[in-house]
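Here is the structure we will look at, set down as structure tokens.
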Amino acid sequence: MTLLYSLSGLSYHIQSWLTRLLGNTMAVLVSEMVIVGLCLIGFLVLLSFTLGYMERRVAAFMQLRLGPNRVGPKGTLQIIADTIKLLFKEGLTPTNADKFMFNLAPYIMIITTMLVTAPLAFARNFQIWDLNIGVFYVSAVSSISVIGILMAGWSSNNKYSLLGAMRSGAQIVSYELSIGLSLISIVILTGSLRISDIVMSQQNGWWIFKGHLPALIAFVIFIVASTAEINRAPFDLAEAEQELTAGFHTEYAGMKFAMFLLSEYVNLFIVSALAATLFLGGWMPFHIGSWSGFNHVMDFIPSSLWFMGKTFFVIFIIMWFRWTFPRLRVDQLLNLEWKYLLPISMLNVLLMTLVALLGWHG
Amino acid sequence: MGSVSLILLLICGLAFAGGGIFLSWVVAKTKKNAVKGEPYECGIPTTGTSWIQFHVGYYLFALIFLVFDVELVFLFPWAVVVTKVGWTALTEIVIFMFILFMGLLYAWKKGALKWM
């Protein structure tokens, strides 16, 4: 039963089939890499289509509109039509721009988002690379994207872009601290930075339930700070449409613009996946204490569905924020981080250590 | 898959971004003219370049960020072993964090956290 549903079983079968077919280990490795690469690219494209569609529909329903509903069934093909439109747009480069940096920036954004997906656990035993510093790796590599943003903004030689990029840079580096501290408060409980260890430690309850108040505080801080980290409303000062047109990607058009859009959506997925992994148990099914019948039914749902369900729940919350809170000013934004979130999360780390040392976590 | 996956992901990213942009370059019709190359500023002619000095506030925030980011790097290995080491680890990190917090308060008092 488990083999039928599980992605790890599927990948195992593909591997053994390739070994029988090709024999040579080198050929197997190369063909595996090609398969993984194609799957990943396909997954990311599908993901950004889904999120693009979801964003517009959620926004529409929250404002009592219908949203895209003409192209394809329920408007699902709208986003593909948009991609084709973007493909046929002329990719302009401003005359005064720094041409090399201007063209390099989209590549940096995409490569960073690709690299961050490596340690994410999509299902039971289904990861690209389960490295022993998984959480640290994610927080380290994802901060490279700020270089891409600054590069894009500065090289455009446009005042809107420069302002947007500088704001975005200040915002991202500030909120990274709170994200790091809330990650650390979970690492204290697990005693490991490996993503698979963190998921396995939640077998008898997710950290948000087991970690008492400090875990809840850390979860809230993580969600708020990561909303700021990926430049989404109410923290979207970097691309505040009404004042800066589009912020750091004002000058980008066509496919280069699409790359920024895609990396934005994939980043949304990555932070939500991280929240789901650390606080909501990753691919672990929902269990209630000793209700073995209920637990058994929950086990029947494939682990990949659990992971996706939790991730999309967090994504929905972040989309909900956008239509609930008005945009902050720059000074309010920096005050929130430096005067409230940072001291609170520093205190929260100490509180969590106390909980862990007293052995209150399950 | 091991560390080889990093190279794979790097190639994937390059191929994806490069492929998309190349495809667009092939199929899209380009027609150059001088007006298209101007910076987009809502129709108003631009005055001067954008590569100018900007506000020092950003620099101050970058400096404080650097201090706290280094703190994070110290905290990650600490967090992994804290439950094994026990109360000594907690005492030490309380002292460490207290000093850092004093640093934050100092910056606050000096007005480094004030915008404009």
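Are any of the residues in the stretch A:62-76 under 23 Å from the mean Cα position of the chain (by Cα), surrounded by 13 or more Cβ atoms within 10 Å (Cβ to Cβ) and without any contact (Cβ under 8 Å) to a residue 60 or more places away in the chain?
Yes, some residue in the stretch A:62-76 is under 23 Å from the mean Cα position of the chain (by Cα), surrounded by 13 or more Cβ atoms within 10 Å (Cβ to Cβ) and without any contact (Cβ under 8 Å) to a residue 60 or more places away in the chain.
Would you be able to say whether some residue in the stretch B:58-80 is assigned to a loop (DSSP other than H, G, I, E, B), small (Gly, Ala, Ser) and either surrounded by fewer than 18 Cβ atoms within 10 Å (Cβ to Cβ) or touching a residue at least 40 places away in the same chain (Cβ under 8 Å) (or both)? Talk me through it step by step, then tell me what you get.
Step one: filter the stretch B:58-80 for residues assigned to a loop (DSSP other than H, G, I, E, B), giving none.
Looking through the stretch B:58-80, none of the residues is assigned to a loop (DSSP other than H, G, I, E, B), small (Gly, Ala, Ser) and either surrounded by fewer than 18 Cβ atoms within 10 Å (Cβ to Cβ) or touching a residue at least 40 places away in the same chain (Cβ under 8 Å) (or both).
Here is a list: A:Phe209, A:Phe257. Which entry is among the aromatic types (Phe, Trp, Tyr) and within 21 Å of the chain's Cα centre (by Cα)?
Numbers: A:Phe209 fails: within 21 Å of the chain's Cα centre (by Cα).
Going through A:Phe209, A:Phe257 in turn, just one is among the aromatic types (Phe, Trp, Tyr) and within 21 Å of the chain's Cα centre (by Cα): A:Phe257.
Just give me the residues in the stretch A:143-167 being outside any helix (DSSP H, G or I) and either within 30 Å of A:Ser192 (Cα to Cα) or of a type in the set (Lys, Arg) (or both), in sequence order. Give the steps one after another, and end with the answer.
Filtering the stretch A:143-167 for residues outside any helix (DSSP H, G or I) gives A:143-144, A:156-158.
Those that are outside any helix (DSSP H, G or I) and either within 30 Å of A:Ser192 (Cα to Cα) or of a type in the set (Lys, Arg) (or both): A:Ser143, A:Ile144.
Condition test on B:Ala15, is it closer than 30 Å to A:Ile172 by Cβ, in a helix (DSSP H, G or I) and small (Gly, Ala, Ser)?
Working: closer than 30 Å to A:Ile172 by Cβ: yes; in a helix (DSSP H, G or I): yes; small (Gly, Ala, Ser): yes.
Answer is yes for this residue.
Scan the stretch A:99-142 residue by residue and report those that are part of a loop (DSSP other than H, G, I, E, B), modelled with pLDDT of 85 or more, within 9 Å of chain B (Cβ to nearest Cβ) and within 17 Å of the chain's Cα centre (by Cα).
Result: A:Thr117, A:Ala118.
Criterion first (more than 30 Å from B:Glu41 (Cβ to Cβ), surrounded by 23 or more Cβ atoms within 10 Å (Cβ to Cβ), of a type in the set (Lys, Arg) and at pLDDT 80 or above) does A:Lys256 satisfy it? Let's see the steps before the verdict.
Values: more than 30 Å from B:Glu41 (Cβ to Cβ): no; surrounded by 23 or more Cβ atoms within 10 Å (Cβ to Cβ): yes; of a type in the set (Lys, Arg): yes; at pLDDT 80 or above: yes.
No, not satisfied.
I'd like to know if the stretch A:257-277 contains one or more residues that are farther than 30 Å from A:Met101 by Cα and in contact with a Gly (Cβ under 8 Å, 6 or more places away or on another chain).
yes
Are there any pairs with C-beta distances below 7 angstrom linking a residue in the stretch A:128-146 that is closer than 17 Å to B:Val4 by Cβ to a residue that is assigned to a helix (DSSP H, G or I) and not hydroxyl-bearing (Ser, Thr, Tyr), with the two at least 6 apart or on different chains, and if so which?
Note: pairs meeting the criteria are A:Ile128/A:Val36; A:Asp130/A:Ile195; A:Gly134/A:Ile195; A:Val141/A:Leu115; A:Val141/A:Val116.
Can you work out which of the residues in the stretch B:91-111 that are at the interface with chain A (Cβ under 8 Å from one of its Cβ atoms) and surrounded by 14 or more Cβ atoms within 10 Å (Cβ to Cβ) is farthest from A:Ser345 (Cα to Cα)?
Ranking the candidates gives B:Trp108 first.
How many residues are at pLDDT below 85, in contact with a Leu (Cβ under 7 Å, 6 or more places away or on another chain) and at the interface with another protein chain (Cβ under 10 Å from one of its Cβ atoms) when one looks only at the stretch A:154-168?
3
Just give me the residues in the stretch B:52-65 being out of contact with any Asp or Glu (no Cβ under 9 Å at 6 or more places or on another chain) and within 9 Å of chain A (Cβ to nearest Cβ), in sequence order.
To start, the set of residues in the stretch B:52-65 that are out of contact with any Asp or Glu (no Cβ under 9 Å at 6 or more places or on another chain) comprises B:52-64.
Within the stretch B:52-65, B:Ile52, B:Phe54, B:His55, B:Gly57, B:Tyr58, B:Phe61, B:Ala62, B:Ile64 meet the criteria.
Determine which single condition A:Ile149 fails, assuming it passes every other condition in (1) of a type in the set (Val, Ile, Thr); (2) in contact with a Phe, Trp or Tyr (Cβ under 6 Å, 6 or more places away or on another chain); (3) free of Cβ contacts under 8 Å to residues at least 24 places away in the same chain.
The one condition A:Ile149 does not meet is (3).
For every residue, the table says whether it meets (1) over 30 Å from A:Asn132 (Cβ atoms); (2) within 7 Å of another protein chain (Cβ to nearest Cβ); (3) not in a helix (DSSP H, G or I).
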| site | (1), (2), (3) |
| --- | --- |
| B:Phe22 | yes, no, no |
| B:Asn33 | yes, no, yes |
| B:Pro39 | yes, yes, yes |
| B:Pro45 | yes, no, yes |
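Take the residues in the stretch A:184-197 that are surrounded by fewer than 24 Cβ atoms within 10 Å (Cβ to Cβ) and more than 8 Å from chain B (Cβ to nearest Cβ); name whichever of them is nearest to A:Leu351 (Cα to Cα).
A:Thr190
The values are calculated or read from the model by the stated rules, or taken from the named source; none is laboratory data. Treat the numbers as computed from the prediction; the structure is a model and nothing was measured. Ideal geometry is used to build each Cβ from the backbone, glycine not excepted, and the neighbour counts take in all protein chains shown.
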